[in-house]
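The next block holds one structure in the form of structure tokens; read it before the comments.
What follows is calculated from the coordinates using simple rules that are stated; it is not laboratory data. What you are looking at is a predicted structure, and each value in this text was computed from that prediction instead of being measured. Positions of Cβ are generated from backbone atoms using ideal geometry, with glycine treated the same way; all protein chains shown enter the neighbour counts.
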């Protein structure tokens, strides 16, 4: 019995030594994300050990708005950011301190992600559809955010001026949701994961989806020039994300009908991972699966359109375009 115990102890020591050796040899990386389905491939890659299998020791850092992720990437607090495009992100990239290296989520018809939501009082007073937002007080996270840009696209589509909308920047998703519930704004743009509880509790009314109204390239993967000097790290990370992009697309998105993913033997394991990282029950995740290109491609033309629009509005600096901010060595263009 003593001999068996010694062998077991020796085996345990060997396993621990292997783990230590892996930790020392692995390339370390911190990734900044939001707890949204728009980062689903990141969660899948982390939970299923794809990063580890590629020799990466990845730590996820969670934020409550997109812009702080861009700032943390430039400061070196994180190595990679995965979030929505914002005017602030573009301005940093225009100065050369940030580079876009891959595509992520897109607003696309049939894939619920960001929605327009009305307060109960505003809804009762006639705010029934997205085109009724002209003249209303609308909460967004920040000026120049993806939510702000979505409102601009909506104004262009329905022929009203964005200046007619009173934009209320509240710095975070939770603040915007609280303002909507508290009736201090008429409407808000929110991800469905944030708005679902509001609706379930009777605190807001649904008006429509951004993806159905104005599809566009919402999110991307980006890094600082310093991080990009480590080409092995960047190539490995993008390779892992491409694998997870494909799996997420082929297993979940391909099975979706009417904006909802089925729960079955194939989809359930991935849906459970998304639920775990977004802090949502499985029953809510199924109606909250953002579209992501299966090859991780970036719609470069749309990115260029975003930059031009933001520059025209005065939210982004002049003098740069999509070609300036994209790391062509890594981006797969659509």
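Here are some notes:
- Counting every other Cβ atom within 10 Å of each residue's Cβ, 74, 129 order from fewest to most as 129, 74.
- Using C-alpha pairs below 8 Å separated by at least 6 residues, the relative contact order for the chain is 26 percent.
- Extension gain from residue 200 to residue 268, taking 0.36 nm per residue of separation minus the Cα-Cα distance: 22.2 nm
- Based on C-alpha pairs under 8 angstrom that are at least 6 apart in sequence, region 144-206 has a relative contact order of 24 percent.
- Identified option (computed volume of the Cα convex hull per residue in Å³; candidates (i) 127; (ii) 144; (iii) 213): (ii)
- The calculated 222 nm mean residue ellipticity attributable to helices in the chain amounts to -13000 deg cm²/dmol, summing -39500 (n - 2.57) over DSSP H runs of n ≥ 4 and dividing by all residues.
- Cα-based shape type of region 114-214, given that a ≥ b ≥ c are square roots of the gyration tensor eigenvalues and the cut on a/c is 1.5: rounded
- Angle in degrees between helix 2-25 and the longest Cα principal axis of the chain, rounded to the nearest 10: 50
- Rounded if a/c under 1.5, otherwise prolate or oblate - region 201-242, Cα gyration tensor axes: prolate
- Fewest neighbouring Cβ atoms within 10 Å first, the residues 158, 248 line up as 158, 248.
- Length available on full extension from residue 257 to residue 184: 0.36 nm per residue minus the Cα-Cα distance, which gives 22.7 nm.
- Rounded, prolate or oblate (a/c below 1.5 giving rounded, otherwise prolate when a/b exceeds b/c) for region 63-185 by Cα gyration tensor: prolate
- Fewest neighbouring Cβ atoms within 10 Å first, the residues 251, 165 line up as 251, 165.
- Taking Cα atoms only, the orientation of helix 146-158 departs from the longest principal axis of the chain by about 40 degrees.
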